[in-house]
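Below is one structure; the comments refer to it alone.
Each reported figure results from applying straightforward, stated rules to the coordinates on display, with no laboratory input. Model, not experiment: these values are computed from the prediction. Cβ sites come from the backbone with ideal geometry, for glycine too, and all protein chains shown count toward neighbours.
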């Protein structure tokens, strides 16, 4: 755990093997972590800094998304080509949602009714109506997509294409892809600002950050230093 005010580590918490995606519940009381090599997720109590019992969700859990009311967890399981659905209150598994090959990044619409899943193994995004758990569209994107971010209005998403130099915009009012935006080498993570005016993209190759506006204009890269950048977090 990191104190972001003082910029220092406050605790190290033992979890499962190869921890990957992290997600914080809306009330800020719990962190959920996906243990990729174990096929499990675990909760961490923010106050006690203790990890809970691991819950089996399927092979290769990668990313966790949490419903706005905190009642459901959605976990991309790369070995199952599915999204595991978890009752967060009872810590029990619900029926999984079939998606594409090697699902990775996830995002929920602002109203919580739609799930967007990036399929790293087939270069697409699966769009699921959560009221029926049915796929409503599959949108082709770039090569080896990783993560997706939905803007606060719920009308536009950006998808990072790791094996190219691009981000794919998706018009969520029509569920169609727009022309790709060139941002630089190996785009990995992406996040929108609170007002939805700008998205920031992490470039793994070059360790840089790029700003992209809603019209698809990308800034020059901001160098972040050595080490290989992967993830960005923006306060909301």
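Please report how far the C-alpha centroid of region 187-229 lies from that of region 105-149, rounded to the nearest whole angstrom. So the separation of the two Cα centres works out to 21 Å. Counting beta carbons within 10 Å around each of 231, 77 and listing the fewest first gives the order 231, 77.
Exposure proxy shown here: for 155, 53, the number of other Cβ atoms within 10 Å sets the order, fewest to most, as 53, 155.
Quote the Stokes-Einstein diffusion coefficient, in whole µm² s⁻¹, for region 142-212, based on the Kirkwood radius over alpha carbon pairs, a temperature of 10 °C and a viscosity of 1.306 mPa s. Numbers along the way, then the final one.
On the way: Rh = 11.8 Å.
D, rounded to a whole number, is 135 µm²/s.
At a 10 Å Cβ-Cβ cut-off, how would you order 194, 211, 178, 62, fewest neighbours first? Mind dumping the intermediate values first?
Numbers: 194 10, 211 17, 178 13, 62 21.
Least to most surrounded, the residues fall as 194, 178, 211, 62.
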